[in-house]
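Novice: To start, I am sharing the structure in question, which I have written as structure tokens.
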Amino acid sequence: MSTRVALDRPRVVQEIRAAAPLMADLAAPVTARAPWLTAVLNHQAAHHRPGVRPAAVVVAEHRHDRPDAVAFLTLRRRCWVTEVTLLGQSAGPLPPGRAPSRLLARGPDLADRLAGGICDLLDSLRGPTRLRLSGLPVGDLTARALAARQPDGVIGTGRSVRLVDGLDDAGPAVRSRDPRVLESWLPRLLAHGDDPRAGGFLRAAARLHAAIGQVEVAVVADGAVLRAGLLTLVEGADRWPWWGWTTIGGLSEEMGAPLVSLTAPARRWP
């Protein structure tokens, strides 16, 4: 087995494309697939901040083979500490209610190798590092292996809250996966967002996934006046309510799936 590290956008994009079969085989969610991660990279590039670099840790049978295990990460230099998170972890809004992130590995041995590769990356970075991974599913093999390798690593579990689509009861709701329909309503939908930076990613990710038929827009309107709207990620028969708002009801929240996080404090202080 070979472990390689890719740094910066062009090489990480190549690794994302190469990992597409692995993502499909492991039934990774939309938010851990190539289109979403590409949208994250594009957003990072458009809002470049000094000290932020994407990275990929890849385990494959041979050096140039497609991945059998892979972690897509963001390295963010904060003062003298490099914080290591999952790629897309801080991009948002993420669809709630399920684990959006993955550390992809075909089995326990590969997960252990991937954890070793992540630790080697941490050791290679200049100065102290802080590991902060979140949004993983319960039982993630790589997170468990990473925690065993980090003396101060802590795995935490929290319950998510999912968004429930009841717009048809408040409606009637008009629904469409047509990118043109999305584009016609998107400015009015996003006008109700309270974070312009989040709105920028939401716009870019929605347009990209609409182009491949993976976003549904649902609106309840009184003529040109929007009363409620919802974006839903769609993959086959699976529907994952993503982001929306309402002034007339029809959207609610309920308990979602548990989410796992892994944190390890800064190491190698000067």
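Novice: V84 versus (1) of a type in the set (A, V, I, L, M, F, W, C); (2) part of a strand (DSSP E or B); (3) more than 19 Å from V5 (Cα to Cα): which is the lone unmet condition?
Specialist: That leaves (3) as the condition not met.
Novice: Can I ask one more? Scan region 148-173 for residues that are in contact with a Leu (Cβ under 8 Å, 6 or more places away or on another chain) and not small (G, A, S) and jot them down.
Specialist: Q150, V154, I155, T157, R159, L163, V164, D165, L167, listed by residue number.
Novice: In region 17-29, which residue that is open to solvent by 10 Å² or more (accessible area, probe 1.4 Å), touching a helix residue (DSSP H, G or I) at 6+ places or on another chain (Cβ under 9 Å) and in a helix (DSSP H, G or I) is farthest from D140 (Cα to Cα)?
Specialist: Among those that are open to solvent by 10 Å² or more (accessible area, probe 1.4 Å), touching a helix residue (DSSP H, G or I) at 6+ places or on another chain (Cβ under 9 Å) and in a helix (DSSP H, G or I), it is R17.
Novice: Run E61 past the list (1) out of contact with any Gly (no Cβ under 6 Å at 6 or more places or on another chain); (2) within 24 Å of G158 (Cβ to Cβ); (3) not small (G, A, S) and report the number of the one that doesn't hold.
Specialist: (2)
Novice: Then there's this: So which of L87, L7 is open to solvent by 50 Å² or more (accessible area, probe 1.4 Å), modelled with pLDDT of 95 or more, under 29 Å from A211 (Cβ atoms) and in contact with a strand residue (DSSP E or B) (Cβ under 6 Å, 6 or more places away or on another chain)? Working first, answer last.
Specialist: Working: L87 fails: open to solvent by 50 Å² or more (accessible area, probe 1.4 Å).
Every option except L7 fails the conditions.
Novice: Okay, next question. I need the full set of residues from region 236-249 which are under 17 Å from the mean Cα position of the chain (by Cα) and surrounded by 15 or more Cβ atoms within 10 Å (Cβ to Cβ), in order please.
Specialist: Those that are under 17 Å from the mean Cα position of the chain (by Cα) and surrounded by 15 or more Cβ atoms within 10 Å (Cβ to Cβ): W240, P241, W242, W243.
Novice: While we're looking at this one, here's another question. Need pairs with beta-carbon distance below 6 Å; first residue under 20 Å from E15 (Cβ atoms) and within region 98-111, second surrounded by fewer than 18 Cβ atoms within 10 Å (Cβ to Cβ) and modelled with pLDDT of 95 or more; sequence gap 6+ or separate chains.
Specialist: Every condition considered, the pairs that remain are L104/L26.
Novice: Now a separate question. Could you tell me whether E216 is acidic (D, E), modelled with pLDDT of 95 or more and either over 13 Å from V174 (Cβ atoms) or surrounded by 20 or more Cβ atoms within 10 Å (Cβ to Cβ) (or both)? Reasoning before the result, please.
Specialist: Working: acidic (D, E): yes; modelled with pLDDT of 95 or more: yes; either over 13 Å from V174 (Cβ atoms) or surrounded by 20 or more Cβ atoms within 10 Å (Cβ to Cβ) (or both): yes.
Against the criterion (acidic (D, E), modelled with pLDDT of 95 or more and either over 13 Å from V174 (Cβ atoms) or surrounded by 20 or more Cβ atoms within 10 Å (Cβ to Cβ) (or both)), E216 qualifies.
Novice: Right, another one. Could we say that Q14 is polar (S, T, N, Q), under 14 Å from the mean Cα position of the chain (by Cα), outside any loop (DSSP other than H, G, I, E, B) and closer than 30 Å to G236 by Cα here? Before you say what the answer is, go through the steps one by one.
Specialist: Details: polar (S, T, N, Q): yes; under 14 Å from the mean Cα position of the chain (by Cα): no; outside any loop (DSSP other than H, G, I, E, B): yes; closer than 30 Å to G236 by Cα: yes.
Spelling it out, it is not the case that Q14 is polar (S, T, N, Q), under 14 Å from the mean Cα position of the chain (by Cα), outside any loop (DSSP other than H, G, I, E, B) and closer than 30 Å to G236 by Cα.
Novice: From R126, R53, which residue is open to solvent by 30 Å² or more (accessible area, probe 1.4 Å) and in a strand (DSSP E or B)? Steps first, please.
Specialist: Details: R126 fails: in a strand (DSSP E or B).
Going through R126, R53 in turn, just one is open to solvent by 30 Å² or more (accessible area, probe 1.4 Å) and in a strand (DSSP E or B): R53.
Novice: Would you please list the contacts, defined by Cβ atoms under 8 Å and residues six or more apart or on different chains, that run from a residue in region 7-22 that is of a type in the set (D, E, K, R) to a residue that is assigned to a helix (DSSP H, G or I) and surrounded by fewer than 20 Cβ atoms within 10 Å (Cβ to Cβ)?
Specialist: Pairs that qualify, where the first residue is of a type in the set (D, E, K, R) and the partner is assigned to a helix (DSSP H, G or I) and surrounded by fewer than 20 Cβ atoms within 10 Å (Cβ to Cβ), are R9/A45; R17/A34.
The values are calculated or read from the model by the stated rules, or taken from the named source; none is laboratory data. This is a predicted model, so every value here is computed, not measured. When we count neighbours, we look across all protein chains shown, and the Cβ atoms used for this are built from the backbone with ideal geometry, even at glycine. The accessibility values were calculated without ligands, DNA or RNA, using every heavy atom of the protein model including side chains. Shrake-Rupley method; radii C 1.70, N 1.55, O 1.52, S 1.80 Å.
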